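The values are calculated or read from the model by the stated rules, or taken from the named source; none is laboratory data. All values reported here derive from a predicted model rather than from experimental measurement. Ideal geometry is used to build each Cβ from the backbone, glycine not excepted, and the neighbour counts take in all protein chains shown.
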Amino acid sequence: MAAANEAILSNEKNFTVFRYGRHTIRFRAPYSLEYYTEVKEWDHGYLVVMAKYRHRDQEEEEYIDLPPILENLYFDSETFLAPIEKVKVVNDRY
């Protein structure tokens, strides 16, 4: 369960999943993504994360820019993202 100011990042099949409040946003993930392992940085919609891919033994740093995704879904990204203070990874490995 996430705190009121905390969002969740995960993946399901070929999608990245971002959950906050009552909203679940899914968007296409890289084809070889296995899972996310860590959120290294959260900056009002810009994420730096560590991810494990099938084609590599080591984790890789990955970047996710949420505002354009949210705006394509007709969200006011500034209003939606403003209360989020932290993003944590949730998956079946952690």
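Some observations on this one:
- Failed condition for Leu81, given (1) hydrophobic (A, V, I, L, M, F, W, C); (2) over 13 Å from the mean Cα position of the chain (by Cα); (3) surrounded by 11 or more Cβ atoms within 10 Å (Cβ to Cβ): (2)
- Hits in the stretch 7-17 (condition: surrounded by 16 or more Cβ atoms within 10 Å (Cβ to Cβ) and in contact with a Phe, Trp or Tyr (Cβ under 8 Å, 6 or more places away or on another chain)): Ala7, Ile8, Leu9, Ser10, Asn11, Thr16
- Screening Ala4, Ala51 for residues that are assigned to a strand (DSSP E or B) and either within 13 Å of Glu85 (Cα to Cα) or not acidic (Asp, Glu) (or both) leaves exactly one candidate, Ala51.
- Applying the condition of being outside any loop (DSSP other than H, G, I, E, B), among the aliphatic types (A, V, I, L, M) and over 10 Å from the mean Cα position of the chain (by Cα) to the stretch 54-78 and asking which residue is surrounded by the fewest Cβ atoms within 10 Å (Cβ to Cβ) yields Ile69.
- Residue count for the stretch 7-47 satisfying the condition of being within 15 Å of Lys88 (Cβ to Cβ) and in a loop (DSSP other than H, G, I, E, B): 1.
- Every condition in (1) at pLDDT 95 or above; (2) more than 22 Å from Asp76 (Cα to Cα); (3) surrounded by 16 or more Cβ atoms within 10 Å (Cβ to Cβ) holds for Lys40 except the one numbered (3).
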